[in-house]
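To start, the structure itself, in structure tokens.
Read-outs: derived from the displayed coordinates by stated rules, not from any lab. Fair warning: this is a prediction, and the values are worked out from it, not measured in the lab. Counting neighbours? That spans all protein chains shown, and the Cβs are built from the backbone with ideal geometry, glycine included.
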């Protein structure tokens, strides 16, 4: 269950089956929100959900049981607790736990529907079976400090700009967006969205100048994280390619050895016992 699919045929079958099951679960959850489809095909959607829940639950239990085979989780109790706190194990648990909560605690219909939406978390399980997604998450992990600093800088920039806009517009602009600082800061954050409603705009010359600068700098706000992500992805992809190349070269490398009886030289591939 942990051996890369490229090294094990059974692992490949396991990963393909789980990946297809996860994708089908996401499709079932989406189409299940359409009333007509839900009523007509509930006879297959409901059993499929129970089937998937059983598969994911059994997978979680098995992984929790055999995780001690990994030296990092070798201790019977402490090792399993440490494994339960890993990102992969938490995603596996989150993908099945919401389905069991209604059996333990009473919920109204609206809360029950909200819990069912948590099934979309199962899409995150694809990170365990997809090498490409693994590379993306490794890239995010490698550049997490830069992302945090960028996020803090963006928030600080939005707050400072919103303060200037507030003092430029207060008393002049009747819009509720500039009635106080919290509303103005929220308006500044909302303005970053490309689908913002733009229900409020500055009317003073000072406010317009500030927002012109703000609009121009929005390019940098989105370009900096994108550049960091592209750089991190390229680095991780290069590392992955180098690792695969080294593994392939090691598998095909041959060593020149001599027969101890007749001194005949021959190439030894390194596989199996020496002749």
Potential lengthening between residue 235 and residue 20 on full extension [0.36 nm per residue; Cα-Cα distance subtracted]:
74.5 nm
For residue 242 and residue 157, extending 7 Å from Cα along the Cα-Cβ vector and measuring point to point gives, in nm, a value of 3.2 nm
What FRET efficiency, computed as 1/(1 + (r/R0)^6) with R0 = 35 Å and r the Cβ-Cβ distance, is obtained for residue 33 and residue 55, rounded to the nearest 0.05?
0.95
Given a Förster distance of 35 Å, report the FRET efficiency between residue 77 and residue 144 from their Cβ-Cβ distance, rounded to the nearest 0.05.
0.70
Would you please give the FRET efficiency between residue 176 and residue 2, computed as 1/(1 + (r/R0)^6) with r the Cβ-Cβ distance and R0 = 41 Å, to the nearest 0.05?
0.15
Need the C-alpha centroid separation for the stretch 228-242 versus the stretch 50-70, integer Å.
32 Å
